[in-house]
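Peer 1: One structure coming up, written as structure tokens, with questions to follow.
The values are calculated or read from the model by the stated rules, or taken from the named source; none is laboratory data. A quick note: this is a predicted structure, and the numbers were derived from the prediction, not measured. Don't worry about glycine lacking a Cβ; one is built from the backbone with ideal geometry, like all the others, and counts go over all protein chains shown. Surface accessibility is based on the protein's heavy atoms, side chains included, excluding ligands, DNA and RNA. Shrake-Rupley method; radii C 1.70, N 1.55, O 1.52, S 1.80 Å.
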Amino acid sequence: MLDLLIRGGTVVDGTGSAPYAADVAVENGKITEVGDLPDAHARRVISAAGKLVTPGFIDIHRHADLAAFRSGFGQLELRQGLTTIVNGNCGLSAAPLRRSRRAEIAAYLQPICGEMKNNVPTDSLADYFAGQPEAPLHTGMLVGAGVLRASAAGYALEHLEDKHYKAIHRQMEQALSDGAMGVSLGLGYAPECFYTTEELLRALA
């Protein structure tokens, strides 16, 4: 017996093919069959007549780095069909931050990401992931190049020194090792707006 059977919906499978009427069988959290399944039985049956059945939507541009630590996070997204979001966009990520710069960076992020509360671990991306409460959707994270620079040198310094580039490289490499999906840029925002082209390439090298 199946765990779940979604019956009679119109399937839009994301391949570009035309929508089609079908049942969707789910077992152990995975889709096992899609088609006309009149003899299938399941512990739970959902009638999807008159509704669309689609893969989960992925929102690749979110600033929910800090919202992910709020009670009930993910419920509203799930109701919109989102099953995966990607945070840390525009060069702005909640981690990793040097502790000595946390308050300064938190103040800069607040209008975009909200309040950084004490329960948000930011020393490393590994700590951030480990401390994130369970949610009903998947969250990926980009490491923000602007936050890496601010963590190394603050927001006021226009041209970096060798020690700052080394600090950026260390944190970037560690964040990628910790599971960052990539590095995001926000070249219109401080402090990335201070980079020349050559300096930006050096920071990312």
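Peer 1: Sort through Ser124, Ser93 and tell me the only one that's closer than 24 Å to Gly182 by Cβ and in contact with a Pro (Cβ under 7 Å, 6 or more places away or on another chain).
Peer 2: Checking each option against the conditions leaves just Ser124.
Peer 1: Same structure, new question: For Asp13, are the conditions met, namely being open to solvent by 90 Å² or more (accessible area, probe 1.4 Å), more than 30 Å from Ala175 (Cβ to Cβ) and either over 13 Å from the mean Cα position of the chain (by Cα) or touching a residue at least 12 places away in the same chain (Cβ under 8 Å) (or both)?
Peer 2: no
Peer 1: Moving on to the next point. Can you spot a residue in the stretch 87-102 that is open to solvent by 100 Å² or more (accessible area, probe 1.4 Å), more than 30 Å from His169 (Cα to Cα) and without any contact (Cβ under 8 Å) to a residue 60 or more places away in the chain?
Peer 2: Checking the stretch 87-102: not a single residue is open to solvent by 100 Å² or more (accessible area, probe 1.4 Å), more than 30 Å from His169 (Cα to Cα) and without any contact (Cβ under 8 Å) to a residue 60 or more places away in the chain.
Peer 1: Please verify whether the stretch 170-180 includes one or more residues that are among the basic types (Lys, Arg), crowded, with 20+ Cβ neighbours inside 10 Å and at pLDDT 95 or above.
Peer 2: no
Peer 1: Next question. Under 8 Å between Cβ atoms, which residue pairs at least 6 apart in sequence (or on different chains) link something in the stretch 142-170 that is of a type in the set (Phe, Trp, Tyr) with a partner that is assigned to a helix (DSSP H, G or I) and at pLDDT below 95?
Peer 2: Here the result reads none, with nothing in the stretch 142-170 linked to a residue that is assigned to a helix (DSSP H, G or I) and at pLDDT below 95.
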